[in-house]
Amino acid sequence: VKLLLLFADHRSISGCEPSWYKAGKSCYSLSVPTVVWGNARTSCHRLEADLAVLNNGDSWQALAQLLREIKLEDQDLFVGLSGSKLRWLWLDGENVSNTDELWGPHEPSGDGKCGSFLKARWNPMWDGYGWRWNDLPCATNIGYICEQTLGMYGNLVISTKLKIKLATVTSYKADVSS
């Protein structure tokens, strides 16, 4: 029981694993070591997560604020967006309009089939736009953002991965006390 209480108390503030950040209704892991899009996705899967889906203004703004707070504003980071100049999809299957306001100026430009989250201060065309989506070649080596969604477990809001661990600990406690 003591293990269960320590486990729950440790994460009750954010609901996220250590070294993950809560933003909006998800936990995010930000990786700055650079890899190609496919390897980024594989790395997220190893963490029982996937590349981040930033398909609405709330998740987009929450993550942009987090990146400002932890001083990662100069990073171009892969997200769970892929497609072509004519059709883009989030990893959850949601279509993305080529005219969506969250694309950067003149994006998608057709120079790549994988999406990133970028604040291009070096490009004068992007001045005043802040964080936006960008299309890149999938073989580009950049950082990436993994996402775990939060859910309810009792009175705690915790990541799906933690819910599985907490259920395992609870089951173990029940078996020991029988």
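Overview of values
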item	result
Estimated FRET transfer efficiency when R0 is 45 angstrom, pair GLU48-HIS106 (beta carbons, to 0.05)	0.80
Amide H contacts under 5 Å for ASP76, placed H, 5+ residues apart	GLY143
Around ARG41: net Lys/Arg minus Asp/Glu count, Cβ-Cβ under 12 Å	-1
Charge context of VAL96, other residues only, Cβ under 13 angstrom, K/R +1, D/E -1	-2
Highest average packing first - 139-150, 22-33, Cβ atoms within 10 Å	139-150, 22-33
Net charge of Cβ neighbours under 11 Å - reference GLY110; Lys, Arg +1; Asp, Glu -1	-1
Hz values of 3J(HN,Hα) by residue in region 103-116 - Karplus curve (6.51, -1.76, 1.60), Gly and Pro given as x	6, x, x, 6, 10, x, 8, x, 8, x, 10, 10, x, 9
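Taken together, the values in this text are just the output of simple stated rules run on the coordinates, not laboratory data. Predicted, not measured: the structure shown is a model, and the values here were computed from it. Glycine also receives a Cβ, built like all others from the backbone with ideal geometry; neighbour counts cover every protein chain displayed.
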